[in-house]
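Written out below as structure tokens is the structure these notes cover.
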Amino acid sequence: MHDLALLGFLLGLILLGLRKPFIFVLGYAYVDIVSPQRLSYYLLNSLQVSLIFFVLALGGFLAMDDKKGTRLAGRQVLMILLLLWCGFTTLTADFPAAAAEKWDWVWKALLFAIFLPFTLRTRLRIEGLLLFMVVSASSMIVTGGIKTVIGGGGYGTLNLGLSDNSGLYEGSTISTVAIAIIPTILFLAKYGTVFPRDWKVRLYSIALVFACLLIPIGTVTRTGLICIGLVAIMGLRDSKRRLLYIAGMGVALAVAIPFLPASYTERMHTIQGYQADESASTRVAVWGWTWNYVQSHPAGGGFNAYLGNHIKIELKDARGQPINNQVEYDKARAFHSAYFEMLGEQGFPGFFLWAALHFTSLFRLEMLRRRFRKAQGEDEQWIAPLATALQHGHIIYLVGSLFIGIAFQPFVYMMIASEIGLDSYVKRTRPLKARPPMGQTVAMQAVPA
Amino acid sequence: MIDTFALALAHALLALTAWRLFKRKDLDHDGGETRVVWGRRPDA
């Protein structure tokens, strides 16, 4: 029954896609996020579902989509270069078999992210993609939220519908992603056009945001708590009544703390005394190893290069004093940071391409935010809030990924692709007039679509 | 039970989203204008 329902859903998407090929693109995003083939017991698990949807999406785009004005954006070029560089480091990897295993899914994520912006030609498509991403992720978030409320949490033990703790189903990853999509959920509730903006949509959005906030508690991840703090602070940027906002946050915090499980508050205390915590000390030791490694291997060691590390961990207390000279040795410990993951695996060239991709995205979103901040028309009012929501989500990812190795998380690349899509859409439909010659003071203004 | 509920809820919403997008004329072109594809109007 379970398998038949999933199969029926996918067949439904394919049927709709035959008339509107963009549905294939949404189907690929759904398959990549939810992994229905991994949830299936016998029907879908033998099929290359993502390959089928990618071929359909590409074919639909090539055969039927309007391509007028389509341009390759700078960030797509950065992703192409990153893809080529990753291919090169895979060929020269320290651990060829392990590198090939990661390359097998990374190239697909990058290729889809390079392709995706070409398909985002209308406001509705951008919104549709974001809605599909959020609702797909909600299949895990709602599960996690309900289980947290009834007390089934714990890192690696909160089952989000799949027990293998990989991809978005991994605790720290879903913690970061769940918080990163909160601004987008709020945007969709306020400016979305797919569903009527009535009390039902508002109620579901509030419930989903609440479930998102519960994920870091259920998975007992410190990264998630940092991300929650960040999303609260960034909410201040566009808040019209800042004092009221701060007071509201204070009240919410005071109400929430007594309900937090003891296991969660105990673990959160280790954020301050990170040196006494083995998990955090291991990270610091791995980061030290990575920095030394990249000095002698500036081109990186290829995917999963961390397998070569040997680290010495000196446990210290909260004040930085050694605990009875307690020393532990370990090896092949994961990077636990997207930044060090990029540095160790792809070296300085890969790291700078990756960093350029992210920071260019933040900068471009800021430009959009500022340009349309005072837009009045119904057809433009949504642009600045969407740019803000995507930018905030992106910043949350960049902060969360300081502590998690999610440099190639496909969900994040879809988010970047939607940012590029928004930017390209605005450029295409509302180009800026050329700058006037020097000495003239004609204001730059948008040209209506 | 919870897994099935969340999965069913998400899929029902995704199906509804896909259907509502499918019915919208402005999915492929802003403003909802149609264009000729392979000699016929796709939304005709």
Problem set entry | Average other protein chain Cβ within 10 Å of Cβ, residues A:46-54 | 0
Seminar exercise, completed: Computed over the protein assembly as shown, the distribution of all Cα-Cα distances in 20 Å bins, rounded to whole %, is 22, 56, 21, 1, 0
Problem set entry | For segment A:43-193, the fraction of alpha-carbon pairs in successive 10 Å shells from zero, as % | 9, 26, 36, 24, 5, 0
For this session: Can you tell me the 0 to 90 degree angle between the C-alpha axis of helix A:22-34 and the longest principal axis of chain A, rounded to 10?
Result: 10 degrees
For this session: Taking the Cα centre of the protein assembly as shown as origin, sum charge times position over the Cβ atoms of Lys and Arg (+1) and Asp and Glu (-1), and report the length of that vector in debye to the nearest 20.
Result: 2040 debye
Exercise. Are any of the pairs A:LYS108/A:LYS427; A:LYS108/A:LYS312; A:LYS190/A:LYS433 more than 32 Å apart by Cα-Cα distance, and if so, which?
Worked result: A:LYS108/A:LYS312
Problem set entry | chain A - mean residue ellipticity at 222 nm from DSSP helices (-39,500 (n - 2.57) per run, n ≥ 4, rounded to 500) | -21500 deg cm²/dmol
Exercise. On a 0 to 90 degree scale, rounded to 10, what angle separates helix A:338-372 from the longest Cα axis of chain A?
Worked result: 40 degrees
Problem set entry | Fully extended contour minus Cα-Cα distance, from B:TRP19 to B:ILE2, at 0.36 nm per residue | 3.6 nm
Seminar exercise, completed: Taking a crude spin-label model, label points 7 Å out from Cα along the C-beta direction, the A:THR193 to A:LYS67 distance in nm is 2.6 nm
For this session: Just subtract the alpha-carbon distance of A:ALA375 and A:ASN325 from 0.36 nm times their residue separation and send over the number in nm, one decimal.
Result: 11.8 nm
Exercise. Which order do A:SER172, A:SER139, A:SER40 fall in if you start with the one that has the fewest other Cβ atoms within 10 Å?
Worked result: A:SER40, A:SER172, A:SER139
Problem set entry | Peptide ranges A:300-311, A:90-101, A:213-224 listed from the most packed, as the mean C-beta count within 10 angstrom indicates | A:213-224, A:300-311, A:90-101
Exercise. What is the mean number of Cβ atoms from other protein chains located within 10 Å of the Cβ atom of each residue in peptide A:21-31, rounded to a whole number?
Worked result: 2
Exercise. Counting other C-beta atoms within 10 Å, which of A:ARG373, A:ARG121 has the fewest, and how do the rest follow?
Worked result: A:ARG373, A:ARG121
Problem set entry | Among A:345-356, A:411-422, A:72-83, the order from most to least packed when residues are scored by Cβ within 10 Å on average | A:411-422, A:345-356, A:72-83
Exercise. If we count every other residue with Cβ under 12 angstrom of A:GLY347's Cβ, Lys/Arg +1 and Asp/Glu -1, where does the sum land?
Worked result: -3
For this session: Enter the angle in degrees (range 0 to 90, nearest 10) between the Cα long axis of helix A:222-234 and the first principal axis of the Cα atoms of chain A, meaning the one along which they spread out most.
Result: 40 degrees
For this session: Determine the shielding of peptide A:119-132 by partner chains: average, over its residues, the number of Cβ atoms on other chains within 10 angstrom of each Cβ.
Result: 4
For this session: Give me A:MET1, A:MET342 ranked fewest to most by other Cβ atoms within 10 Å of their Cβ, as a rough exposure proxy.
Result: A:MET1, A:MET342
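Taken together, the values in this text are just the output of simple stated rules run on the coordinates, not laboratory data. As the structure is a prediction and not an experimental result, all values here were calculated from the model. Virtual Cβ from ideal backbone geometry, glycine too; neighbours counted across all protein chains shown.
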